[in-house]
2 protein chains.
Amino acid sequence: MSGAEHVPVAGTTSVRRSRDVPLLVERARAGDPRAVARLITLVENGDALLPAVAAALAPYAGQAQVVGLTGSPGVGKSTTTNELVRALRAQGHRVGVLAVDPSSPFTGGAILGDRVRMQDHATDPGVYIRSMSSRGHLGGLAAATPQAVRVLEGAGCDVVLVETVGVGQAEVEVASLADTTLVLLAPGMGDAIQAVKAGILEIADVFVINKADRDGVDATVRDIQGMIALGERGPGQWRPQVVRSVAARGEGIDDIAAAIDKHRGWLVEHGELRRRQEARAAAEIEAIALGTLRARIGSLRDGTELTTLATRVAEGTTDPYTAAEELLAQLAR
Amino acid sequence: MSGAEHVPVAGTTSVRRSRDVPLLVERARAGDPRAVARLITLVENGDALLPAVAAALAPYAGQAQVVGLTGSPGVGKSTTTNELVRALRAQGHRVGVLAVDPSSPFTGGAILGDRVRMQDHATDPGVYIRSMSSRGHLGGLAAATPQAVRVLEGAGCDVVLVETVGVGQAEVEVASLADTTLVLLAPGMGDAIQAVKAGILEIADVFVINKADRDGVDATVRDIQGMIALGERGPGQWRPQVVRSVAARGEGIDDIAAAIDKHRGWLVEHGELRRRQEARAAAEIEAIALGTLRARIGSLRDGTELTTLATRVAEGTTDPYTAAEELLAQLAR
């Protein structure tokens, strides 16, 4: 890689035809950050070239360790990611960071998409940092994220950190696609309850209690450990680790890295790594297939068929199930 | 209605065949709260009887005014809903309340589903209150919520309040299905920024600044009014109202009710009410159609086809787009 790619909003490399894609992928593999940026932009926009991109990247599948980070706003995800990148770089890893921002369904863009973040690594050629929304992507985050991971894998990153904003269902789904999932909490935020609600407990491999210099940290750790005990997955299952950190001061970062390594070792030892990679691939295939079907339905949205059906449902002369059946019949024609 | 239906977890009326559905709907129309509860449970569970339920309810479409309430946890949604119900009852309305809780994707249930809430109205026969999750519902919240609204419409409610927890994308979608959407904010919660992020600005017809006795309320009102000015929708468009309240003390509730009435009047005057009802019907039809397709794909999840494809993608011998195409071809067979 010739230089860090810092949150480019649009690629600068023009690629318009499928036959140009293999060259673009070759350039990304050779370390051209503009080629990497362009490929991720294609992913983000759900570009028509994506099938060609996916085909060109296929041989490099599974070469990166994918680490998910999630947690409520304000727990210190960006700071923790920043420090983790530093630690992984010190270990000699090439690191990709995807900050996934489920974009507004209405404004069509990620508010945080062009934020300037993690300036510390802006000049490090071994780090790619990219904020990404799923605007326009047919399969949503569930398809866009693994595809962006593939790009970074293809570009030679051996660790990819996927940071998701928030703890909603979409974020949980994205985080659950990682090999190792970190859930960040902070003392006194009522996060333990929120975590249960969002299904976070089930996906966390490592709980990071950040801002551990705050009051109430012991209670938070106790709550989490209680939840882990309640959700005990039985012998032969991974027991989620709990790590304390103060990321803003760089404290506990090595412990987080060690917990990730430990989980990685467990995955390999138990044949779970390949299982997770396959589960991720299955989710990606399903998301793409569903996105294709959604696009077919969406293509009817501006047509007279759906409008006519909706009018009939609104006036009470038919019901939505009958209308949906008619819509699907229309689709099959 | 013979009595308030207070958050029943499961219906007590056994209905197993399509031909029993018309009788159940008849009983709901006659005011039997157990019949209403049973119908909403069918909706919630995505029951196989739903097409029959939808057909029986179709003639009563569009008879209720649908008011959405959304906002971050802690802004006082339940309290505000409670007070609004009191005000609407005083005006002689029959009121239905749906507290929609996007359930955990993993635990399969709404944590808040059996909470005891709004005790004030538990003995009022003109009020139905129901917490609802979308567990098991194929079309998700986008389909389940309008269907539950149809049940309450059928049961004679002329106002249905739909309260959603949180401000994620799913909640935004649900709220946007209302005739009138209230977005609740509280001073000093950084909600203005969050509102923009979640696309709330675009869907709010009325902003309620609750807890308006707190410090910072003027700044919050100013922020929101600035955002409204920025997002000005042009002449002939509705300009979102901003109302202050202290719901816990019953203050400002009449102003909220007045703002709802004003918006209702505007909708009718501009022919927008029918347009919104049709948009809601279109979204419902699409969600049901998509749910059907998702179920067809899901039926392949445990089969060998998707597993085989996922293995090939994980090992790099094919790419996810090609795999998705093969999956869809399989589906069409």
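Some observations on this one:
- Area hidden from solvent between B and A (accessible, protein heavy atoms only, 1.4 Å, total, Å²): 5200 Å²
- With DNA, RNA and ligands ignored, accessible area of B:SER78 (1.4 Å probe; Å², nearest 10): 40 Å²
- For B:ASP215, label point 7 Å along C-beta direction: distances to other copies, nm: 1.7
- Counting from the shortest, the label point at B:ASP261, 7 Å from Cα toward Cβ, is 7.0 nm from the same position in each remaining copy.
- B:LYS262 accessible area, 1.4 Å probe, all protein chains in place, Å² to nearest 10: 110 Å²
- Summarising the amide proton neighbourhood of A:ARG244: residues at separation of 5 or more, or on other chains, whose placed amide H is nearer than 5 Å comprise A:ILE209.
- Shape index of the range B:198-333: Rg/Rh, with Rg the Cα radius of gyration and Rh the Kirkwood radius from the inverse mean 1/r over Cα pairs, equals 1.24.
- Cβ neighbours within 10 Å from other chains - mean over A:289-297: 6
- Pairs beyond 25 Å (Cα-Cα), from A:LYS211/B:LYS77; A:LYS211/A:LYS262; A:LYS211/B:LYS211: A:LYS211/B:LYS77; A:LYS211/B:LYS211
- Shortest-first nm distances, B:GLU325 label point to equivalent points in other copies (7 Å, Cα→Cβ): 3.4
- Solvent accessible area, Å² - A:TRP266, 1.4 Å probe, full protein context: 40 Å²
The values are calculated or read from the model by the stated rules, or taken from the named source; none is laboratory data. Computed from a predicted model, the values in this text were never measured in an experiment. Here the Cβ is made from the backbone with ideal geometry for all residues, glycine too, and neighbour counts use every protein chain on show. Areas reflect the complete protein model, heavy atoms only, side chains present, ligands, DNA and RNA absent. Shrake-Rupley method; radii C 1.70, N 1.55, O 1.52, S 1.80 Å.
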